[in-house]
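Written below as structure tokens is the structure these notes are about.
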Ligand code: GDG
């Protein structure tokens, strides 16, 4: 209850996310400090959070002791500590080895372990307690993503005065898949603690509402769930986006332009530079895409003298078995393709297993003639939008999986089915040979979409919708 909650600070707008928007760095002398980890979410939310006494609640990213809240760049950051065991069970286990594959169409086989679930419940409760302790009366709390689906109901239990929103960054699966989850009902009830549940696509919102009707038995109508106590919960789509202007400015800088030219030179000035940039994740379809490209070379449709594929795979979740296996599979494929098809100074695939600063990403986007984004399933896919934002000259072709959320908005991309290798081959070839006028026509339309819908538009649409449903709440927060 309200009186038993310790209030160390009183924020009017709280973001609760698995990770804090900072990384802890250990200096040479052993002391630790914080380095901001810039991302779309924090850059979109920071301005409105500074205006509203904002607090960000999250895990600092490594196992460790409890820490006091601290100020960073005008925001209050509230660290939630996880033990080694919780990192293994809540984060690597239930979040990334149960929910992640299940929510992505079983792109890998999900593991179901009851201890992992217990840890998920325990850690979600810790996040909810931290939010309850730091929220002012009537504050707005915005909970992020699949790691924290129980937080909305736990938080409502502690603090019925709060306005609670939830946003899922990854797909929400159809009932046939979701129903495999032994804890399906608890997750649905966890989400129903929110006033507004946001998804990338309207199909996901519909999956959720249907499941609530079937599995929890509540009355629903379109995007609204009617709870027995009179409260209503809405489920709607809010497609996320990028800091479009930020990417445009970066891409326009002289350094990035010069670096883009240098990248092309270093690759031997190929006629067509294909590019893939992904977290190294089995949902992203990296292996199938590289196979399609290598077959185009083996078949003689492309030649290593004038085509190259640059694949950046950012290291990710390296302690989860399926990710280790994927890394080995891709290493092996790249080695074989380059061994079979490359020539001296002309590898078919230029493969980089590392992460780069934003400037280098922008230079790669500027350098690439054909961007290839072929996930088997993806909530949105920001890389596709970043490529579009960086194409200041209005050229460049985007090959995009129809199973990425981004395909709903970027209709003028060269759309592919990532399971269809021959189809991907044909479309990659078509994109690389298309008339400049045709490429420009498509890019122009996509640039319009990305400039009209950026990440601050996303954040303000969500927060306005959360504040604006008057019948379920009297006190409203205006971001
Ligand atoms: C999840 C959902 C949804 C990647 N490598 C480097 C780097 N990145 C940046 C990209 C992009 C972001 O990371 C990746 O975002 P994606 O959307 O492509 O994919 P996920 O990581 O799977 O994100 C996804 C997203 O959440 C947002 O809701 O779109 O569907 O799966 O911004 O640029 N950035 C830098 N160096 C790298 O090496 N600086």
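Tell me which of these residue 382 doesn't satisfy, since it passes every other one: (1) in contact with a strand residue (DSSP E or B) (Cβ under 8 Å, 6 or more places away or on another chain); (2) within 12 Å of the ligand (Cβ to nearest atom).
(1)
If you go through region 160-177 one residue at a time, how many are over 11 Å from residue 196 (Cα atoms), touching a strand residue (DSSP E or B) at 6+ places or on another chain (Cβ under 6 Å) and either more than 13 Å from the ligand (Cβ to nearest atom) or not in a loop (DSSP other than H, G, I, E, B) (or both)?
Number of matching residues: 2.
Quick one: which of 42, 22 is within 25 Å of residue 85 (Cβ to Cβ), at pLDDT 80 or above and either within 16 Å of the ligand (Cβ to nearest atom) or more than 24 Å from the chain's Cα centre (by Cα) (or both)?
Going through 42, 22 in turn, the sole match is 22.
List, please: which pairs have Cβ atoms under 9 Å, are six or more places apart or on different chains, and start with a residue in region 33-62 that is without any contact (Cβ under 8 Å) to a residue 40 or more places away in the chain and end with one that is within 16 Å of the ligand (Cβ to nearest atom) and in a loop (DSSP other than H, G, I, E, B)?
Once the first residue is without any contact (Cβ under 8 Å) to a residue 40 or more places away in the chain and sits in region 33-62, its partners that are within 16 Å of the ligand (Cβ to nearest atom) and in a loop (DSSP other than H, G, I, E, B) give 36/21; 37/21; 37/61; 39/21; 42/21; 46/21.
Every residue in region 25-38 that is part of a strand (DSSP E or B) and either within 14 Å of the ligand (Cβ to nearest atom) or at positive phi (or both), please. If you could, list the steps in order and put the result at the bottom.
Pass one, region 25-38, residues part of a strand (DSSP E or B): 25-26, 32-36.
Within region 25-38, 35, 36 qualify.
Are any residues in region 178-206 farther than 22 Å from residue 139 by Cα, in contact with a helix residue (DSSP H, G or I) (Cβ under 6 Å, 6 or more places away or on another chain) and assigned to a loop (DSSP other than H, G, I, E, B), and if so, which ones?
183, 200, 201, listed by residue number.
Is it true that some residue in region 399-415 is within 8 Å of the ligand (Cβ to nearest atom) and in a helix (DSSP H, G or I)?
Yes: region 399-415 contains one or more residues that are within 8 Å of the ligand (Cβ to nearest atom) and in a helix (DSSP H, G or I).
How many residues are within 29 Å of residue 443 (Cα to Cα) and part of a helix (DSSP H, G or I) if we restrict to region 320-377?
Selection size over region 320-377: 10.
Quick one: in region 310-319, of everything that is in contact with a helix residue (DSSP H, G or I) (Cβ under 8 Å, 6 or more places away or on another chain) and not in a strand (DSSP E or B), which residue is farthest from the ligand (Cβ to nearest atom)?
Residue satisfying both the conditions and the ranking: 319.
How many of the residues making up region 278-309 are within 16 Å of the ligand (Cβ to nearest atom), at negative phi and either buried (at least 21 other Cβ atoms within 10 Å of the Cβ) or touching a residue at least 60 places away in the same chain (Cβ under 8 Å) (or both)? Give the steps one after another, and end with the answer.
Within region 278-309, the subset within 16 Å of the ligand (Cβ to nearest atom) is 278-286, 289.
Still in the list and also at negative phi: 278-284, 286, 289.
Among the residues that remain, those that are also either buried (at least 21 other Cβ atoms within 10 Å of the Cβ) or touching a residue at least 60 places away in the same chain (Cβ under 8 Å) (or both) are: 278, 280-284, 286, 289.
Of the residues in that region, 8 qualify.
The values are calculated or read from the model by the stated rules, or taken from the named source; none is laboratory data. Here the structure is a predicted model, which is why all the values come from computation and not from measurement. Ideal geometry is used to build each Cβ from the backbone, glycine not excepted, and the neighbour counts take in all protein chains shown.
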